[in-house]
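Read-outs throughout are calculated quantities, based only on the coordinates presented, and are distinct from any laboratory measurement. Here the structure is a predicted model, which is why all the values come from computation and not from measurement. Because the Cβ atoms are built from the backbone with ideal geometry, glycine has one as well, and the counts that use them run over all protein chains shown.
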Amino acid sequence: MTIHRQIVDDFTAHGIDFVTTVPCKQLAGVIDEIENRKEIFHIPSNKEDEGMGLCAGAFMGGKRPAIIMQNTALGVTLNTLATLIQFYRMPLPMLISYRGELGEPVACQVEMAVHTKALLAQMLIPTYHFHRREDADELGAILKYTFMCNKPVAILTDASFWKGEKE
Amino acid sequence: MIRSEVLRDIAPVIRDHLVVCNIGLPSQELHMIDDQPSNFYMLGTMGLSSSIGLGLALAQKKKVVAIDGDGSVLTNFGTLPTIANNVADNFVLLIVDNGSYGSTGDQPTYAGKKTSLAAVARACGCENVVECKAEDTRAALETALSGDKMTIIVSKCDSGNIPVPVITMDPVTIRDRFMGAVKA
């Protein structure tokens, strides 16, 4: 099974049925997989804070939403995370490509990578970091935890994780 | 007519529907005029009323009215292509366009100058866009709500505010009672 399929299987197994995405090269396979699943409504958004608004509305309408985005977008979502998702206590799994880590070819990506965990910590957002392929085995538990505590939860996925082959 | 007069006029039309109301004075005015469990008041997060409204409309069948402002739409312009390409026929976006940032002291917006939000919405692919005078907003809303077609209404009204208390209700209470109204 591909890692993309494994991740989206975990999404559907935990009832996630509304996913908004802003693309990243590392996330292309997952986004394709999302697009092909009938049980998930996929709505691409133009900016990540817009996507979080869509997720907030979908949650209040009875859906289980998730957002797929790149870590460089954290900056534009801080206000939305604080004043919408956290203030109103809404669950939001955030599957985030962690650009700017080992294997990164683009220097500018490192500039937000060095702030990523600090920003998430400052926002008191529970954060999980997938570095090795087997780290994804926890995804189901993370999703369960997110909808248990009604918080945004970050899942950072770095280049080593996406490159790794599962035996 | 200023925004609070438009809200007073449309309150009887929207009270039986799910309403997502924009941050600041619009929410405070609606809360004062006709507080309903079916009103979701945004206490923060400028720009996302249309996005929350669209997500809600796509997630369930009841009709949703998102009340937005020209300044807020300008801050989240990306919302219009998303709305155009993900049609929810139970969704009405009402943009109260007073050409100013009302909640922050009536500074002029570009929508009050050269930029037409109705033209932008059409250019983004929105198919049912109505621009009307403030006085005609109620009739435009009634028409939109009686049909089954996603509609964007741009209501051109005057700039101006009335004194209004802030909303002190806890956000989780707002959200919880709103979700109760969604399920009812």
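The figures follow:
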item: Highest-first arrangement of B:137-143, A:78-84, where packing means the average Cβ count within 10 Å; result: A:78-84, B:137-143
item: Relative contact order %, chain A, counting alpha carbon pairs below 8 Å whose residues are six or more apart; result: 23
item: Links that overshoot a 23 Å alpha carbon limit, given the list A:LYS63/B:LYS183; B:LYS63/B:LYS114; A:LYS63/B:LYS63; result: B:LYS63/B:LYS114
item: Hydrodynamic radius by Kirkwood, which averages 1/r over all alpha carbon pairs of segment B:112-184, in angstrom; result: 15.4
item: Those lysines that a straight Cα-Cα span of less than 23 Å connects to B:LYS113, excepting residues fewer than 8 apart in one chain; result: B:LYS133, B:LYS156
item: 19 Å reach of a label modelled at A:SER160, 7 Å along Cα-to-Cβ, counting backbone N of segment A:91-120; result: A:96-107, A:109-118
item: Other protein chain Cβ atoms within 10 Å, averaged over every residue that makes up B:35-47; result: 3
item: Segment A:104-127 and segment A:32-69: distance between their alpha carbon centers, rounded to Å; result: 23
item: Rounded to the nearest 20 debye, dipole of segment A:1-156 from Cβ charges on Lys, Arg, Asp, Glu; result: 320
item: From the C-alpha gyration tensor of the protein assembly as shown, square roots of 5λ in Å; result: 37, 20, 19
item: Average projection area in nm² (convex hull over Cα atoms of chain B, one quarter of hull surface); result: 9.0
item: Average other protein chain Cβ within 10 Å of Cβ, residues B:77-83; result: 4
item: At least 20 Å along the helix axis (C-alpha) and Kyte average at least -1.0, DSSP helices within chain A; result: A:107-122
item: Rg to Rh quotient for segment A:84-123, alpha carbon positions, Kirkwood Rh; result: 1.10
item: Set of lysines near A:LYS163 by C-alpha distance (under 19 Å), chain-local residues within fewer than 8 positions excluded; result: A:LYS25
item: Electrostatic dipole magnitude of the protein assembly as shown [Cβ: Lys, Arg +1; Asp, Glu -1; Cα centre; debye, to 20]; result: 220
item: Shielding of B:56-63 by partner chains, average beta-carbon count, 10 Å; result: 5
item: Among B:ILE33, B:ALA184, B:CYS157 - extreme Cα towards positive end, dipole of the protein assembly as shown, charges at beta-carbon; result: B:ALA184
item: Packing-based order for A:26-36, A:119-129, using average beta carbon neighbours within 10 Å, highest first; result: A:26-36, A:119-129
item: Unit Cα scatterers, Debye sum, chain A: log10 I(q)/I(0) for q = 0.15, 0.18 Å⁻¹; result: -0.75, -1.14
item: Calculated P(r) tail over 20 Å for segment B:1-62, as whole % of Cα pairs; result: 24
